[in-house]
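I have placed the structure first, in the form of structure tokens, so that the comments after it can refer back to it.
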Amino acid sequence: MSRHSIAREASQLDGRLEALNAARELAEGVLPDAALEEVFRLLERASSRRSLSADHTVVGFFGATGSGKSTLFNALTETAAAQAA
């Protein structure tokens with residue numbers, strides 16, 4: 001993906017988040033507080049993630065003990081950084 005397309009997608013996401021926040025503000029006093037709080041938490045999480053550089057991606061490996069998470073990490077990074085427990 002080119003830097004231009006990443007910037008375009010980021011701009012689209014920013015616009016969608018702004019629209020969601022505007023809708024949340026309009027819904028105050030109309031929708032239940034619990035629903036508005038959930039939207040607010042989502043916006044906060046998105047803002048926190050957006051503050052990270054677009055040059056970084058966070059990845060998590062999930063699985064049961066012995067399922068190969070460390071092996072997968074080592075294979076992807078071409079290192080022996082992760083040791084199996």
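Every number here is computed from the coordinates shown, using simple stated rules; none is lab data. Note that the coordinates shown come from a computational prediction; the quantities given were computed from them, not determined experimentally. Reconstructed Cβ throughout: ideal geometry from the backbone, glycine too, with neighbour counts over all protein chains shown.
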*Would you please give the FRET efficiency between Ala19 and Phe61, computed as 1/(1 + (r/R0)^6) with r the Cβ-Cβ distance and R0 = 35 Å, to the nearest 0.05?*
0.55
_Just to be sure I understand the model, the point goes 7 Å from the Cα along the line to the Cβ. What's the resulting Thr71 to Gln83 distance in nm?_
1.9
_What are the extents of the Cα atoms of segment 42-85 along their three principal axes, in Å, largest first?_
36, 22, 12
